[in-house]
Amino acid sequence: MSNGANSSVFTDLGFSEEESAVIIMRIELALAVEKYIKRRGFNQTQAAKFFGITQGKISEIVNGKIHAYSVEYLAKLVAKTGKTPRITFAPKRAARKKRRVRHPGIAAMA
């Protein structure tokens, strides 16, 4: 089980932090593909033709069955939409300094 500061659904389910990060990237890429399909008004057959893959793969991606697809594969699909996938790095939540916010009334009583 993960600690509360770094938890995600996936770490809570027993995945390592590293595995969780990859799963989250795959989900975000798949969502970008799905949003593009919806924005263009494609049905799955049209989307398959556009991306150059089978309709079955489109169905899996839009239905969240992405365990068989790598980050690289999904990033290539996103690139076909004209977007450039980017990765950003952020410190773990536990590593971030917690800011103390004092209530003005409490500070005045001290």
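The figures follow:
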{"read-out": "Which numbered condition I53 fails, given (1) at pLDDT 95 or above; (2) in a helix (DSSP H, G or I)", "value": "(2)"}
{"read-out": "Residue, modelled with the lowest pLDDT, within segment 3-31, restricted to residues that are among the small types (G, A, S) and crowded, with 17+ Cβ neighbours inside 10 Å", "value": "S20"}
{"read-out": "Subset tally (residues that are in a helix (DSSP H, G or I) and touching a helix residue (DSSP H, G or I) at 6+ places or on another chain (Cβ under 7 Å)) for segment 75-89", "value": "4"}
{"read-out": "Segment 37-63: number of residues that are out of contact with any helix residue (DSSP H, G or I) (no Cβ under 8 Å at 6 or more places or on another chain) and either touching a residue at least 12 places away in the same chain (Cβ under 8 Å) or aliphatic (A, V, I, L, M) (or both)", "value": "0"}
{"read-out": "Filter result (charged (D, E, K, R) and either at pLDDT below 95 or over 30 Å from Q46 (Cβ atoms) (or both)) within segment 65-83", "value": "K83"}
{"read-out": "Complete set of residues in segment 56-74 that are exposed (fewer than 12 other Cβ atoms within 10 Å of the Cβ) and in a helix (DSSP H, G or I)", "value": "G56, E72"}
{"read-out": "Segment 84-110 - residue that is over 10 Å from L29 (Cβ atoms) and surrounded by 10 or more Cβ atoms within 10 Å (Cβ to Cβ) and, of those, modelled with the highest pLDDT", "value": "R93"}
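The values are calculated or read from the model by the stated rules, or taken from the named source; none is laboratory data. The structure presented is a predicted model; accordingly, all values stated were derived computationally and were not measured. Using ideal geometry, Cβ is built from the backbone for each residue, glycine included, and neighbour counts are taken over all protein chains shown.
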